[in-house]
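Reading through the structure tokens given below for one structure.
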Amino acid sequence: MKLLIVDDEYHVIRAIKFLLSATSLEIDQILEASSAREAMDIIGREHPELLITDIAMNDLTGIDLMEYLNGLDYTVKTIVISGYNNFDYIRETLRNGGIDYLLKPIDSAQLNAALEKAIRRYREEENRKQEQQKNREIISSMSALCKETLLYRMMTQAHCGKYFEELYHIVPRLTFCTSCIVGYLNLSDCCPDCTESRQERITQAALMLGGELESTSTGFCFLNPYREDEMLLFLYQDCTGSRRRLESLLPLIGRKTSLDLTFGLSLLNRFPDGIQTAYNQAVTAFYDQDASGSAKPVLSYNPRRVSLKLPANPEKERLIFSALITGNEALIDRALNQWLQAVFPEGSCPLYYIFAFIDYYNQLSEDWKKQLQTHYPNLHLDSSPVRLQYARLIGGERDSLLPALSARIKKDIFSMYRALTSQNSNPDNDVIYQIAHYIDLNYNKPFSQNGCAQLFFINKDYMCRKFKSVFQVNMIAYLTSLRIGHAKEFLANPDIRIKDIASLVGFEDEKYFSRQFRKTTGMTPNEYRRRVLTSPDADGSV
């Protein structure tokens, strides 16, 4: 602790310092002043915790000095020394918070006792202040959290009228609020930075932006109470001006926190009735942003927006899965590029479309894994595969989205292929089962044994011998049997012409199809259809 001794007689200061040298009091530094005015300068600069002052000095009295101390915002405990046994001085000392009034010449025991009392009182008072400050901070934090939770519930929960009154009690000025704008930002989806400091910087950005809005009483910025990577804005006054301030403020805060701060903003809606509409508009505006380039700091909701839907491409998806079975990189690249070019529209691509695609691919990948598990009982796949994620995918860049998607999906495909051909899944490393699986998937496509051998990087003659050894039938007969089996399914539908069925199952010539069908089943396609249609329980077997 610091102690300041004030007296216009230096021998008194020296005597006090001598007396203190023999004590074990926790005083780290002793300062000196020969007048009250000099003492005030030292107090303002050094902030001593303890003060021993003479009562009567040339410029100001010790009482004047104590009155000065009472106007400060920090604690200084005072002991008064005097050569006068004056009741008025004593009374003023006590009235101004003095710890003790000691008469000169100073007694060592009395000085020691007074200082011990002063130190004890100082610590008690500081502890009280710290506890009070802590309580104030807790109350303030709880109030802010309560306010944010209430606002979020009002934005997202139906039938939330019960939250209005609670919010008005915490923020009385909202009683006069009749309209609002809501802003939305999701940093988990779009921020590629996954370092430990990321959440701290998100919190810092919210505090900086919230501080600017609250200092002008125009709105709030807060993190989703249940998901701290979502940031929300609530603007309730001077909404047009607040938007302009956001456009200039967000890039500055973004640079300070190394975050990409792009908010979707709603239209002006009624408050409180329209706050949920405002929230939905803000979310929509955020995900409507162009994923292929840098977004503006503020994105407005467009009421005339046209929502894009992912096109269905089961045939191209099947081609990718077939390519996966082969492990042929050129075939995988070609199938992937054809699919992605079909799925993604030319020009700008909204963010929500990317996320819809990612969700779709993640599910498609799981379906492929299930198919592989069914077809290859010994297959060992990763039980917790890494799912395709936008933030990790872009790595901070959005300009090369399709190549990045292709590379990431390709990585996933080869992960499945490695599992398919691993020693654990396929101890004999027998590719012939993959070849049969590939034929199963592509039975309706033109087929050549040479082409198949090239796809799997295998000798054609060895492939044919091995296939017949494993399946007890040659490859052409195996394919023909597959095609005839699928043809039977189509023939059960009277609306499909036999000529079309031949094409659907991979036969280029209807007559050749009919001959092969009769050779396999003992009847023509027409005879089979009549039997199936007249006797639903019959399967056409002979």
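The values are calculated or read from the model by the stated rules, or taken from the named source; none is laboratory data. The structure displayed is predicted, hence computed values, not measured ones. Note: ideal-geometry Cβ built from the backbone for every residue, glycine included; neighbour counts use all protein chains shown.
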What do you reckon, is ALA114 within 60 Å of the chain's Cα centre (by Cα) and either assigned to a helix (DSSP H, G or I) or surrounded by fewer than 20 Cβ atoms within 10 Å (Cβ to Cβ) (or both)?
yes
Between a residue in region 86-100 that is within 18 Å of GLU49 (Cα to Cα) and any residue that is assigned to a helix (DSSP H, G or I) and of a type in the set (Lys, Arg), which pairs come within a Cβ distance under 8 Å, given they are 6 or more apart or on different chains?
ILE99/LYS117; ILE99/ARG121; ASP100/LYS117
Being free of Cβ contacts under 8 Å to residues at least 60 places away in the same chain and basic (Lys, Arg) narrows ARG270, ARG255 down to just ARG255
Read through the list (1) under 28 Å from the mean Cα position of the chain (by Cα); (2) modelled with pLDDT under 80; (3) at negative phi, then give the number of the only condition that ASN426 fails.
(1)
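Yes/no per residue for (1) at pLDDT 95 or above; (2) of a type in the set (Ser, Thr, Tyr); (3) in contact with an Asp or Glu (Cβ under 6 Å, 6 or more places away or on another chain):
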position: HIS486; (1), (2), (3): yes, no, no
position: ASN493; (1), (2), (3): no, no, no
position: ASP509; (1), (2), (3): no, no, no
position: ARG515; (1), (2), (3): no, no, no
position: THR520; (1), (2), (3): no, yes, no
position: ASN526; (1), (2), (3): no, no, no
position: VAL532; (1), (2), (3): no, no, no
position: PRO536; (1), (2), (3): no, no, no
position: SER541; (1), (2), (3): no, yes, no
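Which one is modelled with the lowest pLDDT, of the residues in region 392-409 that are assigned to a helix (DSSP H, G or I) and surrounded by fewer than 16 Cβ atoms within 10 Å (Cβ to Cβ)? Reasoning before the result, please.
Going residue by residue through region 392-409, those that are assigned to a helix (DSSP H, G or I) are 392-394, 401-409.
In the following step, the residues that additionally are surrounded by fewer than 16 Cβ atoms within 10 Å (Cβ to Cβ) were identified as 392, 402-403, 407.
Working: ARG392: 53, LEU402: 76, PRO403: 81, ALA407: 86.
Per the stated criteria, the residue is ARG392.
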Candidate set from region 313-339 (those that are among the aliphatic types (A, V, I, L, M) and touching a Lys or Arg at 6+ places or on another chain (Cβ under 9 Å)); member that is farthest from ASN280 (Cα to Cα):
ALA323
Please find, within region 250-298, the residue that is modelled with the lowest pLDDT out of those that are farther than 23 Å from THR203 by Cβ, aliphatic (A, V, I, L, M) and buried (at least 19 other Cβ atoms within 10 Å of the Cβ).
ALA291
In the set ASN337, ASN313, ASN378, ASN328, which member is at pLDDT below 90, farther than 30 Å from SER266 by Cβ and of a type in the set (S, T, N, Q)?
ASN378
In region 257-274, which residues are over 20 Å from ALA291 (Cβ atoms) and polar (S, T, N, Q)?
THR257, SER258, SER266, ASN269
Report the residue count in region 262-287 for those that are outside any helix (DSSP H, G or I) and more than 18 Å from the chain's Cα centre (by Cα).
10
Selection status of ALA419, within 20 Å of ASN328 (Cα to Cα), at pLDDT 80 or above and in contact with a Leu (Cβ under 6 Å, 6 or more places away or on another chain):
yes
If LEU103 meets every condition in (1) touching a Phe, Trp or Tyr at 6+ places or on another chain (Cβ under 6 Å); (2) more than 19 Å from ARG120 (Cβ to Cβ) apart from one, which number is that one?
(1)
Looking at (1) within 26 Å of the chain's Cα centre (by Cα); (2) modelled with pLDDT of 85 or more; (3) of a type outside the set (Phe, Trp, Tyr), which one does GLU228 not meet, given that it meets all the others?
(2)
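Can you give me the number of residues within region 310-358 that are assigned to a loop (DSSP other than H, G, I, E, B), in contact (Cβ under 8 Å) with a residue 24 or more places away in the chain and not polar (S, T, N, Q)?
6
Can you tell me which residue among PRO345, PRO350 is of a type outside the set (D, E, K, R), surrounded by fewer than 17 Cβ atoms within 10 Å (Cβ to Cβ) and modelled with pLDDT under 90? Spell out the reasoning first.
Details: PRO350 fails: surrounded by fewer than 17 Cβ atoms within 10 Å (Cβ to Cβ).
Step by step, each of PRO345, PRO350 is checked, and only PRO345 is of a type outside the set (D, E, K, R), surrounded by fewer than 17 Cβ atoms within 10 Å (Cβ to Cβ) and modelled with pLDDT under 90.
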Selection count, region 276-290, where residues are within 18 Å of CYS349 (Cβ to Cβ) and of a type in the set (Ser, Thr, Tyr)
2
Before we move on, is LEU235 within 20 Å of CYS146 (Cα to Cα), touching a residue at least 12 places away in the same chain (Cβ under 8 Å) and in contact with a Lys or Arg (Cβ under 8 Å, 6 or more places away or on another chain)?
yes
